[in-house]
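Right, one structure below, let's go through it.
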């Protein structure tokens, strides 16, 4: 299989609750859903609050900072589109705002990733959209 026949990485589904999130990410803006009833910020985007089940939601601009909560180094590509990325880090990031989200940790040697490591958002191009990922914070 040559590079021309490798399929593209999958794109996220544009659900009604997540559409604003993905459009913002494409503009390299990192936003999180916020419930105006209970004042909680949450992730993943959806049409109701997981804390109080309220549906009066808006969006807040997030700091884009967090720490690695948990991670795994992937050595075998799950699909041909990821073959050029291995080894790569798949992590749960605890955001400064509180929620946790799954993302890749990019722009570093996978052997250097540690639980508690400070990270910041970066955006991976995927054709017409961008995917929020994370990279180590360099001080």
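The values are calculated or read from the model by the stated rules, or taken from the named source; none is laboratory data. Just so it is clear, the structure is predicted and the values come from calculations on it, not from any experiment. Glycine gets a Cβ as well: all are built from the backbone with ideal geometry, and neighbour counts include every protein chain shown.
For the reader, a short list of remarks on this structure follows.
- Qualifying strands (runs of 3 or more DSSP E) (wholly inside segment 22-80; at least 1 residues being under 20 Å from residue 113 (Cβ atoms) and at pLDDT 95 or above): 65-74
- Some residue of segment 78-90 being under 17 Å from residue 136 (Cα atoms), over 17 Å from the mean Cα position of the chain (by Cα) and surrounded by fewer than 18 Cβ atoms within 10 Å (Cβ to Cβ): yes
- Considering segment 33-69, and only residues there that are in contact with a helix residue (DSSP H, G or I) (Cβ under 8 Å, 6 or more places away or on another chain) and either crowded, with 16+ Cβ neighbours inside 10 Å or without any contact (Cβ under 8 Å) to a residue 12 or more places away in the chain (or both), the residue that is farthest from residue 133 (Cα to Cα) turns out to be 33.
- Segment 112-133, subset surrounded by fewer than 17 Cβ atoms within 10 Å (Cβ to Cβ) and without any contact (Cβ under 8 Å) to a residue 24 or more places away in the chain, residue nearest to residue 8 (Cα to Cα): 125
- Residues that are assigned to a helix (DSSP H, G or I) and in contact with a strand residue (DSSP E or B) (Cβ under 6 Å, 6 or more places away or on another chain), drawn from segment 86-115: 110
- Matching option when the condition is under 24 Å from residue 16 (Cα atoms) and at pLDDT 95 or above, among 127, 98: 98
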